[in-house]
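First up is the structure itself, then whatever we jot down about it.
Values quoted throughout were computed directly from the atomic coordinates according to the rules given, and no laboratory measurement underlies them. Values in this document were obtained by computation on a predicted structure and should not be read as measured data. Note that we place each Cβ from the backbone using ideal geometry, even for glycine, and neighbour counts take in every protein chain shown.
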């Protein structure tokens, strides 16, 4: 386990659990609540699909044992322990797909997006 700057730790994404920002999260992929929107360079990008998801609009990026919550509009990492290199890749991808990501957030309709080009 790795301790992040917020005092939490992340657990392997393969286990579908992570602890971040003082909260324990479960990737509930089987129920369709947090589907994979994109995959590239070992990075997995997900977004919660539920009405109660809080603002600002954001995605969840998982890279190995590291996770990050990234603001779609600003590219800022709101929570997490992604390396600078991984964060830059996610930010570049978010910039390429910002309009699509906002549309997905607002409509709550799943769309798989292309990987980082």
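Want the number for residue 84 to residue 50: 0.36 nm per residue separation, take away the alpha-carbon distance, what's left?
9.3 nm is the gain from fully extending residue 84 to residue 50.
Can you compute the FRET efficiency between residue 112 and residue 71 using 1/(1 + (r/R0)^6), with r the Cβ-Cβ distance and R0 = 30 Å? Round to the nearest 0.05.
Efficiency, rounded to the nearest 0.05: 0.90.
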